[in-house]
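The values are calculated or read from the model by the stated rules, or taken from the named source; none is laboratory data. This is a predicted model, so every value here is computed, not measured. When we count neighbours, we look across all protein chains shown, and the Cβ atoms used for this are built from the backbone with ideal geometry, even at glycine.
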Amino acid sequence: MRKKNLLSYEAKIVLAIIILLLLIFLPIPFLDTTIKIKDYFIVNYEKYISSYPIWIQIIAVITPIVIFVIIKVFQKNRCKYTEDVFYGIKWTWSWNKDKVVNLKCYCPSCNEELYYDDTVAYENSTVRKFEFICDNCNKAVGTIANENQNLRSSKIINNEIQRIIKKRVSQM
């Protein structure tokens, strides 16, 4: 599905022409303003920065650029990682900044979305578990143990999967 644009192509052209005409005919001193800005930068450079050696000036300019590029490369690698198999279940998700969102689980055999049942508990054991059930295959596909009785089921599942995802992203 395409994103709907706010303005049509023709409206953008008309708006650009109007802005261009306003810039031409309005008495705004653009040249004077740009000259003042340029002079301001030159004076400040000569006053504060030119006393340092040129190699320090170059390092000061290049370092933030290199850091920015490294961060973007790591973000790209992480954003491509949106699917994996944990506990025998296929999981998909998307990223919102550094958080995992839209976490969903699917049956590995029929690719149907799974639901979980947290009512299964053994009489001898205090550890409850979540079973992921496929309606299509009519079976429990996988389980996750639940040691913390206080948290909601979906929160526990989300925390566990996010922990695994972050661990694998850090190993990339």
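Of the residues LYS4, LYS38, only one is over 30 Å from ILE144 (Cα atoms) and at pLDDT below 85; which?
Among LYS4, LYS38, only LYS4 is over 30 Å from ILE144 (Cα atoms) and at pLDDT below 85.
Quick one: which strands (runs of 3 or more DSSP E) lie wholly within the stretch 1-114 and hold at least 2 residues that are over 37 Å from the mean Cα position of the chain (by Cα) and either surrounded by 10 or more Cβ atoms within 10 Å (Cβ to Cβ) or free of Cβ contacts under 8 Å to residues at least 24 places away in the same chain (or both)?
It comes to none.
Scanning the stretch 123-163 for residues that are surrounded by fewer than 14 Cβ atoms within 10 Å (Cβ to Cβ) and among the aliphatic types (A, V, I, L, M), which turns out modelled with the highest pLDDT?
ALA145
Within the stretch 68-80, is there a residue that is touching a Leu at 6+ places or on another chain (Cβ under 8 Å) and modelled with pLDDT of 85 or more?
The answer is no; no qualifying residue exists.
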